[in-house]
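Report on one structure; see the data block that follows.
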Amino acid sequence: MSDYLWNRTNPVDDDIQRWEQTLSSLRSNRRYHLPADARRDPRHPPYAAVAAAALLAVLGPLLQRGTPNEPSRWTSEGRILRQGQSLDTRQQPILLEAEDFGQVRVGENTRIRLGRSHNLELKQGRLHALIWAPPGQFVVETPSARTIDLGCQYELEIDAEGAGLLTVETGWVAFEHGARESFIPAGAACRTNPTSGPGVPYYQDAPASFRQAVQSNDIPAILAGARPRDALTLWHLLARVSPSERGAVFDRFRTLVPVNAERQAVVALEPVALDQCWNALNLDSAEWWRKWKRPWR
């Protein structure tokens, strides 16, 4: 057992830290002093040790809930990993494999936690996922967004503050945080941060000036620099900008791709009109990604 429980030395375990925060409201500010004879007499155990033992007896089963238990479906170098298990790669990358599902390369200095089934939690660092299971079955939780595989290959990186970058190589990935969603196809990327969740996706082959405009949320520069291919970014912007800006975004959108949606309906964010705009991108129909939206809700 770590010395942290007794003298607060050595690194604190994640589960212990979580319970310290949970019980902090019960902490007393009173100071207690042991009688001198109690400190000296070996027949009387130290009060602190007795209290600690009693506390562990109560909290032990609760702490165990956060510890590894059931086997997961992932293996690493032939070793079966367990649900709830935390991994810190430090300077040694590792490969997670599931024969009927996919593989995940976990980079250096990366902290992950294995969830239920095939799901993972990326706390900090980088991973590269290649998934051949049916869409919607692989989820990676991060501090700022949930990453849902829609049959793909992608790389995900999260920094110490919880912000990150997703780049998709093949297939599709959905980024979700609360009511905010982004759909990222192959060749595109999307940033995320803990405050606002996923941003708008953009194609990686876009000019640097356009990518910078997306990162800084410079709406006029985005509209001016958008290519027909970048209508994907404008479609996501429709639901992110203010109503006063929405008309200009749609006007630029329909100069890039032909669409029959009515301007007033788009500005009002009517679902049918937004679906018409999405279908005009010729990426896949709105019904396709809505089909995979239900299982992860």
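The values are calculated or read from the model by the stated rules, or taken from the named source; none is laboratory data. In this text the structure is predicted, and so the values were computed from the model without any measurement. Backbone-built Cβ (ideal geometry, glycine too); neighbour counts: all protein chains shown.
If you go through the range 128-143 and keep only what is surrounded by 22 or more Cβ atoms within 10 Å (Cβ to Cβ), part of a strand (DSSP E or B) and among the β-branched types (Val, Ile, Thr), you end up with Ile131, Val140.
Might you let me know whether the range 75-83 holds any residue that is touching a Lys or Arg at 6+ places or on another chain (Cβ under 7 Å), more than 19 Å from Leu156 (Cα to Cα) and at pLDDT 90 or above? Yes: one or more hits.
Within the range 148-159, the set of residues being out of contact with any Pro (no Cβ under 8 Å at 6 or more places or on another chain), in a strand (DSSP E or B) and either at pLDDT 95 or above or not β-branched (Val, Ile, Thr) (or both) comprises Gln153, Tyr154, Glu155, Leu156, Glu157. Residues of the range 92-122 that are farther than 19 Å from Phe175 by Cβ, surrounded by fewer than 21 Cβ atoms within 10 Å (Cβ to Cβ) and not charged (D, E, K, R): Gln92, Pro93, Ile94, Leu95, Ala98, Phe101, Gln103, Gly107, Asn109, Ser117. Could you list, in sequence order, the residues of the range 83-122 that are outside any strand (DSSP E or B) and either in contact (Cβ under 8 Å) with a residue 24 or more places away in the chain or small (Gly, Ala, Ser) (or both)? Selection gives Gln83, Gly84, Gln85, Thr89, Asp100, Phe101, Gly107, Gly115, Arg116, Ser117, His118.
One line per residue, one yes/no per condition, for (1) modelled with pLDDT of 95 or more; (2) of a type in the set (A, V, I, L, M):
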{"position": "Leu166", "(1), (2)": "yes, yes"}
{"position": "Val173", "(1), (2)": "no, yes"}
{"position": "His177", "(1), (2)": "no, no"}
{"position": "Arg180", "(1), (2)": "no, no"}
{"position": "Arg191", "(1), (2)": "yes, no"}
{"position": "Tyr202", "(1), (2)": "yes, no"}
{"position": "Ser209", "(1), (2)": "yes, no"}
{"position": "Ala213", "(1), (2)": "yes, yes"}
{"position": "Ile222", "(1), (2)": "yes, yes"}
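Set side by side, the residues Gly162, Gly125 differ, and just one is part of a strand (DSSP E or B), on the phi > 0 side of the Ramachandran plot and crowded, with 16+ Cβ neighbours inside 10 Å, which is Gly125.
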